[in-house]
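The values are calculated or read from the model by the stated rules, or taken from the named source; none is laboratory data. Keep in mind the model is a prediction, meaning the values are calculated, not measured. Cβ placement follows ideal geometry from the backbone for every residue including glycine, while neighbour counts extend to all protein chains displayed.
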Amino acid sequence: MTDTPDTRIRHALSEGALSEDDRAFLDSLEAERGMFQQIGDTWRGPMGGWAKLIFGFSVAMGLLFVFVIWQVINTREPIAHTLWAISGVALLVILGFAKEWLFARMNMLTVLREIKRLQLEVAMLREERGE
């Protein structure tokens, strides 16, 4: 059996080396996080308001995009048809940027979770060495 960071953390847990806060944090890291749970995680914290705003904006732009596609399909006048089609492309670009921001935030939070795991590992190693 290899001595991985996860096995050392579990070993430290069984020996009672961690505080209750550390145990609760570690338990929260153990669960696999699905996409919807990660999106929900972006709604908390200091940037949570912005994430909620971008999410709502994305939903509104998505609904507007459906309306624009409906107009493209049902418009017969060439100029109006072209303008609706250009609007649709512009909305797709806007949606792409909004979703990129949201997913970049989700990825940042995932990286922060891993950094916290590493910080916990370093703290446990210091504790083992007696520093």
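The residue list ALA24, ALA60 contains one member that is under 25 Å from ILE115 (Cα atoms) and modelled with pLDDT of 65 or more, which is ALA24.
Close Cβ contacts (under 9 Å, 6 or more residues apart or on different chains) running from residues in segment 107-119 that are touching a residue at least 24 places away in the same chain (Cβ under 8 Å) and part of a helix (DSSP H, G or I) to residues that are surrounded by 11 or more Cβ atoms within 10 Å (Cβ to Cβ) and of a type in the set (Ser, Thr, Tyr) comprise LEU109/THR42; ARG113/SER28. On the given criteria, is GLY49 surrounded by fewer than 14 Cβ atoms within 10 Å (Cβ to Cβ), assigned to a helix (DSSP H, G or I) and of a type in the set (Gly, Ala, Ser)? In short, yes. The set of residues in segment 62-107 that are surrounded by 12 or more Cβ atoms within 10 Å (Cβ to Cβ), aliphatic (A, V, I, L, M) and within 23 Å of the chain's Cα centre (by Cα) comprises LEU91, LEU92, ILE94, LEU95, ALA98, LEU102, MET106. Criterion applied to MET47, MET124 was being in contact (Cβ under 8 Å) with a residue 24 or more places away in the chain and over 21 Å from the mean Cα position of the chain (by Cα), and the one residue passing it is MET124.
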